[in-house]
């Protein structure tokens, strides 16, 4: 498996207008040609009690809203706290500009679900 050597100082939590603007400056830079995108939500597990055991199973049909979006370039990783930034107009504009940019390749998995 290949991994990029990104220093911890370049892993940025985006949870304020200042960190959102820093992310926009980096992600919309003309030198960015590829981004990796992933999202995380609260796990949907239910507890099942069996004799002498407590099992966690995936709760069928249960869903939670996306809580965290990770967007990575070759140099930086931005962790967007969506509960905080999703209501900021700058976030919507950043995502539109990034995703609509046909010169940037977007990588992700399970982008339809």
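Please go through the stretch 79-96 and pick out each residue that is closer than 12 Å to residue 66 by Cα and surrounded by fewer than 14 Cβ atoms within 10 Å (Cβ to Cβ). Correct list: 83 only.
The residues of the stretch 67-90 that are in a strand (DSSP E or B) and over 12 Å from residue 23 (Cβ atoms), listed by number, are 67, 68. Filtered by the rule that a residue be loosely packed, with under 14 Cβ neighbours inside 10 Å, farther than 12 Å from residue 75 by Cα and either touching a residue at least 40 places away in the same chain (Cβ under 8 Å) or in contact with a helix residue (DSSP H, G or I) (Cβ under 9 Å, 6 or more places away or on another chain) (or both), the stretch 27-42 gives no residues.
Within the stretch 1-26, being part of a loop (DSSP other than H, G, I, E, B) and touching a residue at least 60 places away in the same chain (Cβ under 8 Å) holds for 4, 6, 15, 16.
None of the figures in this text is laboratory data; all of them are computed from the coordinates on show. Keep in mind the model is a prediction, meaning the values are calculated, not measured. Virtual Cβ from ideal backbone geometry, glycine too; neighbours counted across all protein chains shown.
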